[in-house]
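The values are calculated or read from the model by the stated rules, or taken from the named source; none is laboratory data. The structure displayed is predicted, hence computed values, not measured ones. Every residue, glycine among them, receives a Cβ derived from its backbone with ideal geometry; neighbour counts consider all protein chains shown. In case anyone asks, the SASA skips ligands and DNA or RNA and just uses the protein heavy atoms, side chains included. Shrake-Rupley method; radii C 1.70, N 1.55, O 1.52, S 1.80 Å.
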Amino acid sequence: LAMNGDRERCLAVGMDGYISKPIRPQELDDLLDAYITQKSNAAPQSEPEAVINGSVDVEQLLDRIDDDRSFLAELVDIFRREYPQNVRAVKTAIDSQKAPELQRAAHALKGALGNLSASGASAMAGDLERMGRSLDLLNAQSTLDRLVAELSNVTRALEALCPVAAQ
């Protein structure tokens, strides 16, 4: 049996609902119906810039994180803090013609972008990684230039999905 105040404490810390034992089927059905209604009413109507932009596969990303926007905000915040350092590391590696460093820095970018469902940018970072691995940096700067332009689109798309992270 539940203790006095359990329900209130659980709801106060963010639980979506509360049922005490013994479980009563009708009470469970009512709670689930209310939760489903709440989730469908809270679903955003559209994310136009993110969808139009095309730099991020919005459906795949939201599915990957189970539409947890607060978690997305954390991921976007981490990405926005770290990707400029990775881009600088790629640029430095290209300028100094250090293929192993290019491979490592590009690999980090590729993974971060892949995690955020930014497949186009991730593929460009993958191209840079392969250039570093093959020791052929001939087209690395032009690929980096395209990647930097695409990163701007990716950032705008992520911020459209998660405005809190944009601040």
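Considering segment 102-117 alone, what residues qualify as being farther than 13 Å from V148 by Cα and either in contact with a Cys (Cβ under 8 Å, 6 or more places away or on another chain) or open to solvent by less than 40 Å² (accessible area, probe 1.4 Å) (or both)?
Answer for segment 102-117, where residues must be farther than 13 Å from V148 by Cα and either in contact with a Cys (Cβ under 8 Å, 6 or more places away or on another chain) or open to solvent by less than 40 Å² (accessible area, probe 1.4 Å) (or both): L102, A105, G111, A112, G114, L116, S117.
Residues checked against (1) more than 20 Å from the chain's Cα centre (by Cα); (2) at pLDDT 80 or above:
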site: D6; (1), (2): yes, no
site: R9; (1), (2): yes, no
site: A12; (1), (2): yes, no
site: K21; (1), (2): yes, no
site: D29; (1), (2): yes, yes
site: Y35; (1), (2): yes, no
site: Q38; (1), (2): yes, no
site: N41; (1), (2): yes, no
site: P48; (1), (2): no, no
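Would you be able to say whether some residue in segment 119-136 is assigned to a loop (DSSP other than H, G, I, E, B) and either in contact (Cβ under 8 Å) with a residue 40 or more places away in the chain or open to solvent by 50 Å² or more (accessible area, probe 1.4 Å) (or both)?
Initial filter on segment 119-136 (assigned to a loop (DSSP other than H, G, I, E, B)): 135-136.
Right, trim to either in contact (Cβ under 8 Å) with a residue 40 or more places away in the chain or open to solvent by 50 Å² or more (accessible area, probe 1.4 Å) (or both) and you get 135-136.
Yes.
Can you tell me how many residues within segment 142-162 are polar (S, T, N, Q) and without any contact (Cβ under 8 Å) to a residue 24 or more places away in the chain?
Pass one, segment 142-162, residues polar (S, T, N, Q): 142-143, 152-153, 155.
Next, from what is left, pick out any that are without any contact (Cβ under 8 Å) to a residue 24 or more places away in the chain: 142-143, 152.
Total satisfying the criteria: 3.
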